[in-house]
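Read through the structure below, which is laid out as structure tokens, and then see the notes.
The values are calculated or read from the model by the stated rules, or taken from the named source; none is laboratory data. Here the structure is a predicted model, which means the values were calculated and not measured. Cβ placement follows ideal geometry from the backbone for every residue including glycine, while neighbour counts extend to all protein chains displayed. The protein model used for the area step is the full one, side chains on, heavy atoms only, and it has no ligands, DNA or RNA in it. Shrake-Rupley method; radii C 1.70, N 1.55, O 1.52, S 1.80 Å.
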Amino acid sequence: MKRLVLFFMASVLWSSCSIEEQPTSFVNSDNYYQTEAQCISGLNSTYIPLRSIYSYTYLMATEGVSDLMYIASGTLDAQLDISPAQPRFGQTMWTQGYRGVMYCNSIIEGIKRSPLSEETKNRLLAEGMIMRAYYYWFLTSTFGDVPFYTEDVANAQVLDKISKMGRMPAVDTRNYLIQELLTYVPYLAQVRTNDTPGNRSGAAMGWMLIGKLAQWNKKWDVAKEAMDQLVGIYGDFGQYPLSDIALKNKNILESIFEIQFTYSETGLQVTTNAAAICMPTRSTGAIYDGVEIPELGANSTTWSPLRPNNYYFQTVMRRATPDKRLEMNMLWAYKGVNFKSTATRPWLGTKFWSYNMYNVADGNNQRVFRYADALLMQAENFMELRDQASSVRYLNIVRQRAGLADYVFKNWDLLREEIQKERGRELLGEYQRKYDLVRWGNWYQMTYDFTDYASLKNNMLPCHEYYPIPDVEVVKSGYSLDNKAYEYYGKG
């Protein structure tokens, strides 16, 4: 971690109010945060690490290594060929996660020192604290117990302290963040993210994170109250068209948080490469697995594909379903023409495609949270609180938009199973599935039972529910950090 902290102390911040612009140099932070514009400029830096996280490998790590999809890829994260010595994408996730934390800590302390009014400070602090909570949600969901700190690394003494921190129980980290967010989120305008200038992280993101953190800690009443706030902000689900959820549609009304990417053949390019594993294989020109798809263009590069597995299309979302999401999630044919290689399994559907992609430059935004997720979280909250009618009502709100018949309660176990399956239908490919399975306590069994990828099945162990902390970080900590779960399975 010492290397990361030193990088941060030498790094640069953003100079304007746009979270899409590149960072430029800045003056001494002790004297810099004097105006609201300067504080917003600093807050912009907290979004920078997200673009390095939301890539095709992160999509593999959260969706491909699950019970619903697989990817027969040479990228070893897809095979769970990972260990503390070879953490693979785990090193990027650790580095960028803590880079985000350090940016947030520094900006928060700078805002606290600023001469702004308390009202303005609290509003700006809320955004910084929401972003800090996001990074810790990401880190605890990925690594489990991780070091937790909120200090600004302003001198060698703090640096030395931080670099030697061990794992803090994730439950305690989440409890701290929940309380902090409950204090500061009310200072923000209680509006949808789409109504927040620049689609910045606002109140909607804050309530969503409270709900996510609370569900991990099984604080169902806290999660329910947070989702109540989101329902108050977003209102009737019927006003959000299902067609909007395709990733080509940026910053949709239903969105709670999206990673902002931009693409132009001649202008600024800030892109991900996630779509390169989500489209049918291109052979030549605009021919994709034997089907001409002009809208996808003739210049894309496609890699080993992420595809729904047998369990998904035979049990969770069957080919004959009346579900309106079917062709958005998976396709055997396009506009009446069969693909060549879908005799045994489909491609991912139009929800995931990047149109006119050049090489692997996917200009779609990557969607992190949206309102349908919150409604399904509320269904789960009420189920855990044993409010049958309310749980089924929220579940059916999402099902109705998809054209499915209302679910009828039979027993609690079947309701739980249906909520979990509905999350798989609605949120497929949205960086959620592995985290959900780990939180539910069934990641290993469900993935082992249903994966179609032999290399994954042969490699996976219960310790793989979390990524290992990279060995290099363990050494830097003076062995305050550890990987006991991996050591137990002979992977230390």
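Please go through the stretch 71-115 and write out the chymotrypsin sites (Phe, Trp or Tyr not before Pro) that DSSP classes as loop and that have at most 14 other C-beta atoms within 10 Å. Passing sites in the stretch 71-115 do not exist. Using the Karplus relation 6.51 cos²θ - 1.76 cosθ + 1.60 with θ = phi - 60°, the per-residue 3J(HN,Hα) values for the stretch 34-45 come to 9, 10, 4, 4, 5, 5, 5, 4, x, 4, 4, 5 Hz, with x marking Gly and Pro. Between LYS250 and SER455, the distance separating the two model label sites (each 7 Å from Cα on the Cα→Cβ line) works out to 3.4 nm. Once the Cα atoms are used to define both axes, helix 170-184 deviates from the longest principal axis of the chain by about 70 degrees.
The relative contact order of the chain comes to 21 percent, based on Cα pairs under 8 Å that sit 6 or more residues apart.
In this structure the stretch 340-492 gives 38 Å² per residue of accessible area when probed at 1.4 Å with all protein chains present. Using just its DSSP H runs of length 4 or more, each adding -39500 (n - 2.57), the chain gives a mean residue ellipticity at 222 nm of -13000 deg cm²/dmol after division by all residues. Among the GluC sites (Glu not before Pro) within the stretch 197-276, those in coil by DSSP and having at most 16 neighbouring Cβ atoms inside 10 Å are GLU265. If the label point is 7 Å along Cα→Cβ of TRP412, which residues in the stretch 432-446 have backbone nitrogen under 17 Å from it? Residues 440-441 fall inside that zone. Per-residue extension of 0.36 nm, minus the Cα-Cα distance of GLN400 and GLN239, leaves a gain of 56.7 nm for this segment.
The label point for THR150 and the one for MET165, both projected 7 Å from the Cα toward the Cβ, are 1.1 nm apart. Its relative contact order, with pairs defined as Cα atoms under 8 Å and 6+ residues apart, puts the stretch 165-218 at 41 percent. On the basis of the beta-carbon distance and an R0 of 30 Å, SER264 and GLU327 show a calculated FRET efficiency of 0.55. Given [x] 64, 52, 46; [y] 74, 60, 38; [z] 62, 62, 47, which label gives Cα extents along the principal axes in Å as computed from the coordinates? Calculated Cα extents along the principal axes in Å: the matching label is [x]. In the chain, taking the dipole from charged Cβ atoms about the Cα centre, the farthest positive-side position among ALA223, ASN381, SER117 is held by ASN381. Normalised size of the stretch 194-326, defined as Cα radius of gyration per 2.2 N^0.38 Å with N residues, equals 1.35.
Here the spin labels are modelled as points 7 Å beyond Cα on the Cα-Cβ line, and at LYS421 and THR315 they lie 0.9 nm apart.
Compared with the dominant principal axis of the Cα atoms in the chain, helix 89-113 is inclined by about 40°. Computed 3J(HN,Hα) for the stretch 395-412, one whole-Hz value per residue from the Karplus formula 6.51 cos²θ - 1.76 cosθ + 1.60 where θ = phi - 60°, is 4, 6, 4, 6, 4, 5, 4, 7, x, 8, 5, 4, 6, 10, 5, 10, 7, 5, glycine and proline marked x. Take every pair of alpha-carbon atoms less than 8 Å apart whose residues are at least six positions apart; their mean separation over the length of the stretch 326-383 yields a relative contact order of 28 percent. Going by the alpha-carbon gyration tensor, a ≥ b ≥ c the square roots of its eigenvalues, is the stretch 141-272 rounded (a/c under 1.5) or, if a/c is not under 1.5, prolate (a/b greater than b/c) versus oblate? Oblate, since a/c reaches 1.5 and b/c is not below a/b.
For the stretch 376-451 versus the stretch 58-104, the spacing of their alpha-carbon centroids is 25 Å.
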